[in-house]
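The values are calculated or read from the model by the stated rules, or taken from the named source; none is laboratory data. What you are looking at is a predicted structure, and each value in this text was computed from that prediction instead of being measured. All Cβ positions, even for glycine, are placed from backbone atoms using ideal geometry, and neighbour counts span all protein chains on display.
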Amino acid sequence: MSRYCRGTVTEALAPMLIRRRSLIAAAAILPPLAPLAARAQAPAMPAKGRRPWADQLPQIRIGILGGENEADRIGRYGAYGRLIEETFGVPVRLFQASDYSGVVQAFAGKHIEMASMSPAAYAASWMESNGNVEPILVTQEADRSTSYIAVMYTRADSGITSLEQMRGKTMAWADPNSASGYLIPRAELRAAGINPEQFFGRTGFAGGHEQAIVAVMGRQFDAGVTWASGVGDPAEGFSRGMLRATAEKGLLNMRDLRIIWQSRPIKNGPIVVRKDTPDGFKADITAFHLALPAAHPEIHRAVERGNVIGWVPTQHSEYEVFVTMRQEEAAQRRRRN
């Protein structure tokens with residue numbers, strides 16, 4: 001009988017480039033496409049069986065970021081957790097956090113071994129754990145890019161059609177540890193000479209991306225910010241992202257929403273492991289994810305959602321900019337206080 005189970009991160013544990021103008025411009029910063037023959041040979045899933053590293057890791061605890069409701073998160077990650085358990089013969093526990101900081105603090109307290117994170121949440125985890133986390137893989141989009149964008153959205157009937165018209169209006173941030181839902185928009189606004197504290201009439205944290213969208217559509221805020229692939233039709237919520245996901249759940253009709261601003265490309269969030277876990281564990285988890293899209297496409301689609309082809313290797317240096325961004329945000333808060 002499967003020993004797969006789930007837990008909850010409690011409150012005690014909880015808490016670049018220019019704007020993409022064309023696919024040609026984006027391709028300039030992407031690695032060249034692999035030869036067709038190489039791409040046709042999908043990696044094989046790791047052989048099933050208990051590993052030597054299991055003596056050090058008697059269970060694999062996977063953190064799941066907040067941002068959508070609990071039932072949807074379990075629905076998306078349930079089969080994923082069971083497959084990891086069946087592959088390596090080690091029990092898997094899913095720890096759901098009410099917000100991003102829950103997973104950050106769980107990494108810092110060594111209460112989880114891995115998580116798929118936003119780039120800003122990874123930076124926070126790296127800082128809070130004194131560098132005891134490392135990114136191993138990053139999502140690759142269908143256009144071969146490894147980036148996404150932040151978008152600012154309003155209700156279509158709000159009369160707001162530009163960023164300038166948000167002066168004095170209310171803004172819903174998604175989460176203080178979100179790149180697209182907080183840090184990137186604020187950084188780009190400041191770079192454009194706009195002080196978010198003075199520009200908006202009122203701001204607040206909605207508790208996640210989905211919650212912010214619902215709050216804006218429910219007229220609690222005039223606008224919000226979230227993430228999107230930046231690829232595909234904006235009227236459909238792009239090829240993937242929180243707007244599209246929320247629309248697919250029936251919680252949003254894209255005709256009722258207007259996008260009024262978008263950011264520069266942002267590095268996709270990584271799959272992160274604790275640095276002090278065994279090297280064999282890291283190698284097996286890497287191999288598992290590289291093979292997952294071809295071997296179990298339905299599980300891959302459930303976890304990543306949208307038009308994503310898989311993962312490619314990454315490293316800490318690709319996320320140092322987010323560490324700097326968090327440090328600058330902390331300095332801004334100190335000056336305000």
Need a quick list: helices (runs of 4 or more DSSP H) entirely within segment 18-102 having at least 2 residues that are assigned by TED's automatic domain parsing to the domain that holds ALA123 and modelled with pLDDT of 95 or more.
70-88
Total residues in segment 147-186, condition of a type in the set (Ser, Thr, Tyr) and crowded, with 22+ Cβ neighbours inside 10 Å
7
State whether the residues of segment 288-302 include one that is under 20 Å from the mean Cα position of the chain (by Cα), modelled with pLDDT under 90, surrounded by 18 or more Cβ atoms within 10 Å (Cβ to Cβ) and closer than 23 Å to THR226 by Cβ.
no
Collect the residues in segment 204-235 that are closer than 29 Å to SER125 by Cβ, more than 18 Å from the chain's Cα centre (by Cα) and either surrounded by 16 or more Cβ atoms within 10 Å (Cβ to Cβ) or at pLDDT below 95 (or both), keeping them in residue-number order.
VAL214, ALA215, VAL216, PHE221, ALA223
Output the number of the condition that GLU320 fails; it satisfies all remaining conditions of (1) surrounded by fewer than 17 Cβ atoms within 10 Å (Cβ to Cβ); (2) at pLDDT below 90.
(2)
Which residues, counting only those in segment 137-146, are surrounded by 19 or more Cβ atoms within 10 Å (Cβ to Cβ) and either among the hydrophobic types (A, V, I, L, M, F, W, C) or more than 22 Å from the chain's Cα centre (by Cα) (or both)?
LEU137, VAL138
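Find the helices (runs of 4 or more DSSP H) located wholly in segment 178-252 whose residues include 3 or more that are over 25 Å from GLU320 (Cα atoms), and list them.
Details: elements: 184-191, 196-199, 209-217, 242-248.
In segment 178-252, 196-199, 209-217, 242-248 are the helices (runs of 4 or more DSSP H) which contain 3 or more residues that are over 25 Å from GLU320 (Cα atoms).
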Name the residues in segment 138-177 that are part of a strand (DSSP E or B), at pLDDT below 95 and farther than 20 Å from ILE213 by Cα, would you?
THR139, GLN140, GLU141, SER147
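If the requirement is being modelled with pLDDT of 90 or more, surrounded by fewer than 18 Cβ atoms within 10 Å (Cβ to Cβ) and assigned to a strand (DSSP E or B), which of these qualifies: VAL312, VAL273? Show your work before the answer.
Details: VAL273 fails: surrounded by fewer than 18 Cβ atoms within 10 Å (Cβ to Cβ).
Selected residue: VAL312, the only one of VAL312, VAL273 that is modelled with pLDDT of 90 or more, surrounded by fewer than 18 Cβ atoms within 10 Å (Cβ to Cβ) and assigned to a strand (DSSP E or B).
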